[in-house]
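> One structure is given below, represented as structure tokens, and several questions about it will come after.
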Amino acid sequence: PNADSAIAYYLKAHENGNADASYYIGIQLLKEDMYEAAVSYLAQAVRANHPKAIVKYALCVQQGVGVQADPADAVEMLHYVVRNFGDEEAYESLGLAYLQGVGVIEDEAVGKAYLDTAAHKGRANSQYVLAMCYLNGWGCVVDTNDAIHYLEMAAKQGHIRSINALGDYYESCQDYKS
């Protein structure tokens, strides 16, 4: 068994209208930098209301990957997924959009709130970005204890940037008590 075998089975399922298969083919094509084809498969899964496909498609639309860039439309899609499915990647993506003002008016407090939800749903990258919010005062007051808490949560999941940030913190802070 190999990736080509998997794709052959996914193609067969896709031909029978399986949205999961369309999504997985789209993801594989994104990994292979075949963006326009990837977006085509993702779009088919989007039409079947596949939440993960909607998120990936929205991120392609946000960044103009294989499709015309429209960050505001991407944000609308992400809001739809959050409202209807509660998908943690959609929460994270909205959080980042609001923090950076991509497709929306920048609002650090709103961005932090979305990231907080994603972090509590277990997304390691959201936990890391939330820690950066607490370290830098993005949408909240600076709180090193909360920052360390979220870095530790993400590090336990193997999030490399969190692990490195904790190492840097522990090295620079002799009086840290765990």
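The values are calculated or read from the model by the stated rules, or taken from the named source; none is laboratory data. The structure displayed is predicted, hence computed values, not measured ones. Don't worry about glycine lacking a Cβ; one is built from the backbone with ideal geometry, like all the others, and counts go over all protein chains shown. Only protein heavy atoms, including side chains, enter the accessible area calculation; ligands, DNA and RNA are left aside. Shrake-Rupley method; radii C 1.70, N 1.55, O 1.52, S 1.80 Å.
> Looking at (1) more than 17 Å from the chain's Cα centre (by Cα); (2) open to solvent by 30 Å² or more (accessible area, probe 1.4 Å); (3) within 27 Å of His79 (Cα to Cα), which one does Gln157 not meet, given that it meets all the others?
(1)
> A further question follows. Taking Asn18 and the conditions (1) within 30 Å of Ala6 (Cβ to Cβ); (2) at pLDDT 95 or above, which numbered condition does it fall short on, given that it satisfies the others?
The failed condition is (2).
> Report whether or not Val61 is aliphatic (A, V, I, L, M) and either under 23 Å from Leu130 (Cβ atoms) or over 15 Å from the mean Cα position of the chain (by Cα) (or both).
The answer is no for Val61.
To keep it simple, each residue is scored yes or no on (1) more than 23 Å from Glu106 (Cβ to Cβ); (2) surrounded by 17 or more Cβ atoms within 10 Å (Cβ to Cβ); (3) modelled with pLDDT of 95 or more; (4) β-branched (Val, Ile, Thr).
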| position | (1), (2), (3), (4) |
| --- | --- |
| Ser22 | yes, yes, yes, no |
| Arg47 | yes, no, yes, no |
| Ile54 | yes, yes, yes, yes |
| Tyr57 | yes, yes, yes, no |
| Cys60 | no, yes, yes, no |
| Gln63 | no, no, yes, no |
| Asp73 | no, no, yes, no |
| Phe85 | yes, no, yes, no |
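> Hey, any hits in segment 134-144 for a residue that's assigned to a helix (DSSP H, G or I), within 29 Å of Met77 (Cα to Cα) and touching a helix residue (DSSP H, G or I) at 6+ places or on another chain (Cβ under 8 Å)?
Yes: one or more hits.
> What are the residues in segment 42-76 that are within 17 Å of Tyr24 (Cβ to Cβ) and among the β-branched types (Val, Ile, Thr), if any?
Selection gives Val46, Ile54, Val55.
> On to the next question. Have a look at Ala38, Ala8 and point out the one that is out of contact with any helix residue (DSSP H, G or I) (no Cβ under 9 Å at 6 or more places or on another chain) and open to solvent by less than 80 Å² (accessible area, probe 1.4 Å).
On inspection, the qualifying residue turns out to be Ala8.
> Next up: One residue is enough: does segment 101-117 have a residue meeting the conditions free of Cβ contacts under 8 Å to residues at least 24 places away in the same chain, assigned to a helix (DSSP H, G or I) and in contact with a Cys (Cβ under 9 Å, 6 or more places away or on another chain)?
Scanning segment 101-117 turns up at least one residue that is free of Cβ contacts under 8 Å to residues at least 24 places away in the same chain, assigned to a helix (DSSP H, G or I) and in contact with a Cys (Cβ under 9 Å, 6 or more places away or on another chain).
> Next up: Take the residues in segment 119-149 that are among the aliphatic types (A, V, I, L, M) and open to solvent by 30 Å² or more (accessible area, probe 1.4 Å), then tell me which one is farthest from Ala165 (Cα to Cα).
We begin by selecting, within segment 119-149, every residue among the aliphatic types (A, V, I, L, M); these are 119, 124, 129-132, 135, 141-142, 147-148.
Still in the running and open to solvent by 30 Å² or more (accessible area, probe 1.4 Å): 132, 135, 141-142.
Details: Met132: 10, Leu135: 11, Val141: 19, Val142: 16 Å.
Top of the filtered list is Val141.
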